[in-house]
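Everything below concerns the one structure shown next.
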Amino acid sequence: MGHSNKNKVVTTVKGKCRVCYTCVRECPVKAIKIIDGQAEVLSERCIGCGNCVSVCSQNAKVALDLKEEVMSLLRNSEKKVVALLAPSFPAEFTEIGDYRKVVGMVRKLGFDKIQEVSFGADLVAGKYKELLEKSDEKGYISSDCPAIVYYVEHYHPAMVDRLAPVASPMVATARLARHIYGDDVYTVFIGPCIAKKAESNEVDEGITFSELRELFEENSITPENTEPSDFDPPRSGMGALFPLSRGLLQNVKKSDNVVEGNIIVDAGKHNFIEAIKEMERGEITGYHLELLCCNGCIMGPGMTSRENFYFKWSQISKYVKMKLQDLDIEQWRKDVEKYGWLIDVSQKFNPMDRREAVPEDEKVEKVLQEIGKLSESDHLNCGACGYEKCYDHAVAIVQGYAEEEMCLPFNIEKLHKYIEELNQTNEKLKNTKLELRHSEKLANMGQISAGIAHELNNPLGVITMYSNILLDELPKGDEKREDAELIVKQAERCRKIVGGLLNFARKNRIKVQEVDIEEFIREGLNSFVAPDNVKVTVSTNLDDPWIMIDPDQMMQVFTNLFKNAVEAMPEGGELKVTVDGNGNNRNVEIRISDTGCGIPEEHKDKLFTPFFTTKDVGKGTGLGLPLVYGIIKMHSGKVRVESNADPEAGPTGTEFIITLPRIA
Ligand code: ADP
Ligand code: MG
């Protein structure tokens, strides 16, 4: 065939592919490459079976269209054009009752002669019979299906000599046509097969039944406007059964009885591979393989519809029955004998090794790791990617024919991970929100406190001043002195509370400067007078002790925390302060721990709320920790508490942990 494009019998339509991987799954030789989310047919690997064309729901694969080439032969040629009509045509044109109408329509397109390819099948059958009768142990693979022949030539080159050295019925019929009409003819095969378009250069063009229908339509040829016509002789016999699997067998009249027979018949896109592999491994000897890639030619990709297998089957069977009734058996015998003599139906096949080297184990293993196949049990071999095994998929990835995204379990796992991450982020967001609300509350509290404190400060000053004057003026021993002293004491207490409130309210602004934090804490502890029964220890461990803080406010933080610690240890204990960098240079972590009473779980979320105190009236104000919180926040730091108040669960005590960034 003079067309260079014929080694591309199937091509891909860019952009139509929706990556369902059905074509990968259905391609017996994995001649499909998935790249950038698009499937592409690799013509150098393709065996032309056309499965991908049949199964693609998006019509993203198209078979080579040769209608135009055929029409130009018919229009311009000074040579005769001979149609070689495949025997499966009754399964295609089921709506046309009389087969002669179909033949008439083909003739009307402009074909000079119309030959039955089934006569070629009759001739070929004789050769097969000969071959099978004298064959030895080794067994042949039938060579009538071009996809099977390509498969053996490309992928099992060592098995090429096992292909029956017999021409296909199409080629045999083309040779017959040349014999009858002379070398000066064009031959055009019409059938259900895509692979046939590139099978042999002894046939000029090949079109499918679908293309034939389109030509009828374009040329307004209908059964109604067409005179019935018959095939040109010689007429065929049993060869008409050929398109059914077992067809060749029936034709050869070899018993296919499982006990007596020595022929294994199978059809379908995956079965033939298994059969050939087993034969190559020497597991089946003394048997011949009669294999078809499609489920019989009647299910070929060039049929307009690939449904109703049994109906199609019955159409062929009926046609052959009718044909055999009308057949002039004497004439047929004569023809088969005559042309069997005259026409050489032998065929040579050549290995064309297109196998690809299996990539190195390491590379495959690396890819397997990447797609989460870490151990044997991760190899689910689910087939969702189109490859039967995870290993095959990994090999294809290494070879550049597949992508990692094709692995469904891998994607699902990735999705789960994303969801988990999202959940974590959500959780963080929730916490931040809570913190935000908390600081908002504190800010409000601050404003209110500031207001109250201002209002109270003046009258409180007056009360303090006059109660002191009153106390001074009362002579010693006066019984009213006790009352006046109480007023002075309580007024003093009020002043303290108001002072605390003002401090709390003032936390809105800080004035930072560079401070040696270790030194700063030591100083703080020195000026803080701890009771004798409390042991105070400090340990510092910073490479660089200088950080930016507001010393006045930070001192209040530490004094408050020291005070709380001491108040939690009325019977004495240990107050420990540690300062370190917590493994990084950006933060300073200060831990203030005591061995005191601990904080019960139910108090922990109230600690930083203003006025929360567990101490006796007159002792606690509940303003210490809110102040600590406010000041630390102003320094962009964090404060948290770890505490245990349950003696059963181990030693009690509390630790406040402050994290301060070096630069606030
Ligand atoms: P106050 O000390 O005036 O009660 P704070 O705000 O300083 O107010 O503390 C609030 C409460 O937190 C305390 O009353 C106490 O119950 C609890 N608390 C604070 N620090 C400690 C600690 N080191 N050990 C046990 N409880 C503590
Ligand atoms: Mg306190």
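Output the pairs from LYS196/LYS366; LYS196/LYS323; LYS80/LYS323 with a Cα-Cα distance over 29 Å in this structure; if there are none, say none. Cα-Cα > 29 Å for LYS196/LYS366; rest within. When Rg and the Kirkwood radius Rh are both evaluated on Cα atoms of the stretch 407-506, their ratio Rg/Rh stands at 1.55. Note on VAL358 and SER539: their simple-model spin labels are 6.0 nm apart, each label 7 Å out from Cα toward Cβ.
What's the FRET efficiency of LYS80 with SER220 using the Cβ-Cβ distance as r and R₀ = 30 Å, to the nearest 0.05? Result of the calculation: an efficiency of 0.80.
Of the residues PRO169, ILE632, GLN513, the one whose Cα sits farthest toward the positive end of the charge dipole of the chain, with +1 on the Cβ of Lys and Arg and -1 on the Cβ of Asp and Glu, is PRO169. Projecting the Cα atoms of VAL82, PRO600, THR537 onto the charge dipole of the chain, computed from C-beta unit charges around the Cα centre, puts VAL82 farthest toward the positive end.
Note on the stretch 509-664: Cα-only Rg and Dmax are 15.2, 45 Å.
Roughly speaking, what is the stretch gain from GLU642 to LYS604, that is 0.36 nm per residue apart minus the C-alpha to C-alpha distance, in nm to one decimal?
Extending this stretch completely gives an extra 12.8 nm.
Simple rule: put +1 on each Lys or Arg Cβ and -1 on each Asp or Glu Cβ in the chain, find the dipole, and look at ILE114, SER143, SER527; the Cα lying farthest toward the positive end is ILE114.
For the stretch 65-342, relative contact order (Cα pairs under 8 Å, six or more residues apart, normalised by length) works out to 28 percent. Note on VAL13 and ASP112: the model spin-label points, each 7 Å out from Cα along the C-beta direction, lie 3.7 nm apart.
For the stretch 315-370, a Kirkwood radius taken over Cα pairs fed into Stokes-Einstein (25 °C, viscosity 0.890 mPa s) yields D = 142 µm²/s.
Please identify every one of the GluC sites (Glu not before Pro) in the stretch 36-98 that sits in a loop by DSSP and has no more than 13 other beta carbons within 10 Å of its own beta carbon.
Qualifying residues, ordered by number: GLU44, GLU78, GLU95.
Packing order of peptides 587-596, 517-526, 305-314, highest average first: 587-596, 517-526, 305-314 (average count of other Cβ atoms within 10 Å over each peptide's residues).
For the chain, relative contact order (Cα pairs under 8 Å, six or more residues apart, normalised by length) works out to 11 percent. Extending 7 Å from Cα along the Cβ direction at LEU486 and again at LYS511 yields two label points whose distance is 4.3 nm. Treating cross-link reach as a plain straight distance, find the aspartates and glutamates whose alpha-carbon is under 13 Å from the alpha-carbon of LYS615, omitting any fewer than eight places away in the same chain. Qualifying aspartates and glutamates at Cα under 13 Å: GLU567.
Loop-resident trypsin sites (Lys or Arg not before Pro) (DSSP state other than H, G, I, E or B) in the stretch 126-192 with no more than 16 further Cβ atoms inside 10 Å of their Cβ: LYS138. Radius of gyration (Cα atoms) of the chain, expressed as a multiple of 2.2 N^0.38 Å: 1.83.
DSSP beta bridges fully contained in the chain are about 55 percent antiparallel. When all alpha carbon pairs of the stretch 1-150 are counted in 10 Å bins from zero, the resulting P(r) reads 9, 26, 29, 27, 9, 0 %. Would the stretch 361-404 count as rounded, prolate or oblate if I go by the C-alpha gyration tensor, calling it rounded below 1.5 in a/c and otherwise prolate when a/b exceeds b/c, oblate otherwise? Since a/c reaches 1.5 but b/c is at least a/b, the shape of the stretch 361-404 is classed as oblate.
Please find the FRET efficiency linking LEU324 to ASN381, where r is the Cβ-Cβ separation and R0 is fixed at 56 Å, and quote it to the nearest 0.05. Approximately 0.70, to the nearest 0.05. Surface calculation, 1.4 Å probe, protein heavy atoms: TRP546 sits at approximately 120 Å² accessible. Charge dipole (Cα centre; +1 on Lys/Arg Cβ, -1 on Asp/Glu Cβ; no other charges) of the chain amounts to roughly 1420 debye.
The values are calculated or read from the model by the stated rules, or taken from the named source; none is laboratory data. From a predicted model like this one, the values you see are computed outputs, not experimental measurements. Methodologically, a virtual Cβ is constructed for each residue, glycine included, from the backbone with ideal geometry; neighbour enumeration extends over all protein chains shown. Ligands, DNA and RNA are excluded from the accessible area calculation, which covers all protein heavy atoms including side chains. Shrake-Rupley method; radii C 1.70, N 1.55, O 1.52, S 1.80 Å.
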